[in-house]
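Single-structure report; data block below.
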Amino acid sequence: PARYFDISTTEPISFFLSGLEELLSWKPDINDEFNISSVPLAERQPPLHSKRPRTLVCHDMRGGYIEDRFIQGSATRNPYVFYHWRYIDIFVYFSHHTVTIPPVCWTNAAHRNGVPVLGTFITEWTDGEKLCEAFLAGGEESYRAVSEQLARIARHYRFDGWLINLENTLSAAAVRNLPHFLRHLTAEVHSAVPGGLVIWYDSILQNGALRWQNELNEENRVFFDFCDGLFTNYNWKEEHLERTRRLAGQRHVDVYVGVDVFARGEVIGGGFDTDKSLRLIRQHGLSAAIFAPGWVYEHLGEENFLQNENKFWGLLADYLPTHSICQLPLATSFSLGMGTSRFLEGKEEEAGPWYDLSAQEIQPLYPERKGHLSTSCCLQDAWCGGSSLRVQGTIPPGEEHMAVRLFSLQMPAPPKLFLTLLYKMEGPHPDNLSVSLELTTWDSGTCHEGNITSLPEPNGRHHPRFLPAPPPGLAKLLAACNRGSNGWTSRCYELALQDCSLRDLSLLVSRHQPSPQETPFTCLLGELRVLDKGNVEASQPQVENLAASQLWWQ
């Protein structure tokens, strides 16, 4: 069927629904299985319902469903990818089709990094008026049927809710039922999807007129009251933020102030000046909705995309609270889900471009310190997948080392940790440089390394002990201890902790003695793992009832 498979290649594709009839007649289908997300939403801290201002990203690119519609990937050169997941709270996939079901590759990548994904339900122009009239102006039965279908679709494809964007005027009968529809949809989504969300876009007033307010006010508050949040339009000034903050009261973080990165209309700042908008939004304690950050790719071009993307998000970093990982194991090869080659164990297996966001691995923080440190993606060399993480920096004069924070953590430390690292030094570098890992723990009077008689580490900094060979019984899992190849060095470490809570995981680049000169370095990270000894020693469950279907042999 053409909805599920690309006509020219027969490959499975992600799809949308057009119109009310397609929505109401949708039901699960045997061809759906490719489109169901296979990655559960990872836990992270703080949780979404905390009172910290949030960041929503609304992805709108060239009508949607471009290369990302190919569920099993494509040979796309220089594709658009998003990887600053640690800095955002919610990802919305937007298109102008009535029911935008997020392509499953986006849901997989976002979930792996702990970010919920919303689809879009949109009505526009005269067709939109007719559609709204059909399901809102009638009785309770018709709007309940729509909300139940939307909740079923989210549950079936395993994404996390909806952005509701009605951009057409409504009749008196239709607008009277709109709050009831929103309340019913929100309740349905909450019961169908754990942690599910419904967010309303600022477009329609309580009298049914289409007039963007750029704020929360008495004209649109009734819709905000019946769902999980409001996404405001983009042409606001500071007085809009002040009024919004006052009216929202305790729910101020449920207002996502819209920022159009393309800077259309009268806006405070877009493009590389988006930070000006975010600074004001955060001063008023509100959440932000960054619309179309694909500007970096569409406006500045594909060639230097990764460099420009790091610059864009680096400029916003001061206004984007980051998220912590709160579960072990943590394992990543840093792959972005695209590349110019595929690598395995440090060796190029296959040359040629590829793109598959479902294969994107857990992404780190991307710390930048102007002139001293940059972290970026390296497509030219990798241990596994399509890319490695390039860490470039300078150890300042008089300092012995530089710590590069890769992950924020928030969880109790198990009694013993194993850590593995695969890295490669790039370019000319002094022989006296060494690379290792550092874990920090939260301040506490009880946290100790090793046994109870050892002294607490200063500032909660712990340097795991190097293991020249894996412990008996774990040789297979920790094969990385001595398996470096193709120029990659591999290291295994262990760390015993008592009554500690993990805080940060950093790469430590050290020189053996301080020097009055600065020491530059470039290091590629190919793989990093943090494992709980108790879990890895437990026997793994056996796979049972394995079935394969929909095979196409080439």
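Filter the stretch 1-13 down to residues that are part of a loop (DSSP other than H, G, I, E, B) and either touching a strand residue (DSSP E or B) at 6+ places or on another chain (Cβ under 7 Å) or assigned by the TED database to the domain that holds residue 357 (or both) and give me whichever is nearest to residue 132 (Cα to Cα). Break it down stepwise before answering.
Within the stretch 1-13, the first condition is being part of a loop (DSSP other than H, G, I, E, B), and the residues that meet it are 1-4, 6-11.
Now drop any that are not either touching a strand residue (DSSP E or B) at 6+ places or on another chain (Cβ under 7 Å) or assigned by the TED database to the domain that holds residue 357 (or both), which leaves 4, 6, 11.
Details: 4: 27, 6: 31, 11: 35 Å.
Here the residue is 4.
Among (1) within 26 Å of residue 359 (Cα to Cα); (2) surrounded by 16 or more Cβ atoms within 10 Å (Cβ to Cβ), which single condition is residue 26 missing?
Only one criterion is unmet by residue 26, namely (1).
Counting only residues that are more than 24 Å from the chain's Cα centre (by Cα) and part of a loop (DSSP other than H, G, I, E, B), how many does the stretch 337-368 have?
2
Can you name every one of the strands (runs of 3 or more DSSP E) wholly within the stretch 438-554 that holds 1 or more residues which are over 29 Å from residue 388 (Cα atoms) and either open to solvent by 10 Å² or more (accessible area, probe 1.4 Å) or modelled with pLDDT of 85 or more (or both)?
Values: elements: 465-467, 489-498, 501-511, 519-532.
Because the criterion is at least 1 residues that are over 29 Å from residue 388 (Cα atoms) and either open to solvent by 10 Å² or more (accessible area, probe 1.4 Å) or modelled with pLDDT of 85 or more (or both), the strands (runs of 3 or more DSSP E) in the stretch 438-554 that meet it are 489-498.
If you check 238, 242, 309, which single one turns out to be closer than 30 Å to residue 385 by Cα and of a type in the set (Asp, Glu)?
None of the others qualify; the one that does is 309.
Conditions tested, residue by residue: (1) within 15 Å of residue 329 (Cα to Cα); (2) not assigned by the TED database to the domain that holds residue 386.
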site	(1), (2)
488	no, no
493	yes, no
513	no, no
520	no, no
529	yes, no
549	no, yes
552	no, yes
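Which residues, counting only those in the stretch 142-173, are among the aliphatic types (A, V, I, L, M), open to solvent by 10 Å² or more (accessible area, probe 1.4 Å) and either in a helix (DSSP H, G or I) or under 29 Å from residue 111 (Cα atoms) (or both)?
The first filter runs over the stretch 142-173 and keeps only residues among the aliphatic types (A, V, I, L, M), leaving 145-146, 150-151, 153-154, 163-164, 166, 170, 172-173.
Those left that are additionally open to solvent by 10 Å² or more (accessible area, probe 1.4 Å): 145, 170, 172-173.
Scanning the stretch 142-173 gives 145, 172, 173.
For the stretch 44-68: of the residues being open to solvent by 30 Å² or more (accessible area, probe 1.4 Å), farther than 30 Å from residue 285 by Cα and touching a residue at least 60 places away in the same chain (Cβ under 8 Å), which is nearest to the chain's Cα centre (by Cα)?
Per the stated criteria, the residue is 67.
If you go through the stretch 108-119 one residue at a time, do you hit one that is surrounded by fewer than 16 Cβ atoms within 10 Å (Cβ to Cβ) and either in the same structural domain as residue 257 (by the TED database) or part of a helix (DSSP H, G or I) (or both)?
At the first step, the residues of the stretch 108-119 found to be surrounded by fewer than 16 Cβ atoms within 10 Å (Cβ to Cβ) are none.
No, the stretch 108-119 contains no residue that is surrounded by fewer than 16 Cβ atoms within 10 Å (Cβ to Cβ) and either in the same structural domain as residue 257 (by the TED database) or part of a helix (DSSP H, G or I) (or both).
Given the options 145, 154, name the one that is without any contact (Cβ under 8 Å) to a residue 60 or more places away in the chain and hydrophobic (A, V, I, L, M, F, W, C).
Within the list 145, 154, the selection yields 154.
Can you pull out every residue in the stretch 159-203 that is among the β-branched types (Val, Ile, Thr) and more than 13 Å from residue 223 (Cβ to Cβ)?
169, 189, 193
Being within 20 Å of residue 330 (Cα to Cα) and open to solvent by 10 Å² or more (accessible area, probe 1.4 Å) is the requirement here; does residue 358 meet it? Walk me through it before giving the result.
On the way: within 20 Å of residue 330 (Cα to Cα): yes; open to solvent by 10 Å² or more (accessible area, probe 1.4 Å): yes.
When the stated conditions are applied, residue 358 passes them.
Checking residue 200 against (1) under 27 Å from the mean Cα position of the chain (by Cα); (2) closer than 28 Å to residue 176 by Cβ; (3) hydrophobic (A, V, I, L, M, F, W, C); (4) open to solvent by 10 Å² or more (accessible area, probe 1.4 Å), only one condition comes out false. Which one?
Of the numbered conditions (1) under 27 Å from the mean Cα position of the chain (by Cα); (2) closer than 28 Å to residue 176 by Cβ; (3) hydrophobic (A, V, I, L, M, F, W, C); (4) open to solvent by 10 Å² or more (accessible area, probe 1.4 Å), the odd one out for residue 200 is (4).
In the stretch 122-140, what residues are open to solvent by 40 Å² or more (accessible area, probe 1.4 Å) and farther than 20 Å from residue 198 by Cα?
Of everything in the stretch 122-140, those that are open to solvent by 40 Å² or more (accessible area, probe 1.4 Å) and farther than 20 Å from residue 198 by Cα turn out to be 125, 126, 127, 129, 130, 133, 134, 139.
Would it be correct to say that residue 322 is of a type in the set (Ser, Thr, Tyr) and within 28 Å of residue 45 (Cβ to Cβ)?
Here the answer is yes, as residue 322 does meet what is asked.
For residue 1, only one of the following conditions fails: (1) under 29 Å from residue 316 (Cβ atoms); (2) open to solvent by 30 Å² or more (accessible area, probe 1.4 Å). What is its number?
(1)
Could we say that residue 527 is in contact with a helix residue (DSSP H, G or I) (Cβ under 8 Å, 6 or more places away or on another chain) and either over 26 Å from residue 409 (Cα atoms) or among the acidic types (Asp, Glu) (or both) here?
Details: in contact with a helix residue (DSSP H, G or I) (Cβ under 8 Å, 6 or more places away or on another chain): yes; either over 26 Å from residue 409 (Cα atoms) or among the acidic types (Asp, Glu) (or both): yes.
So residue 527 fits the description; yes.
The values are calculated or read from the model by the stated rules, or taken from the named source; none is laboratory data. A quick note: this is a predicted structure, and the numbers were derived from the prediction, not measured. All Cβ positions, glycine included, derive from the backbone under ideal geometry; neighbour counts span all protein chains shown. SASA here: full protein model, heavy atoms, side chains in, ligands and nucleic acids out. Shrake-Rupley method; radii C 1.70, N 1.55, O 1.52, S 1.80 Å.
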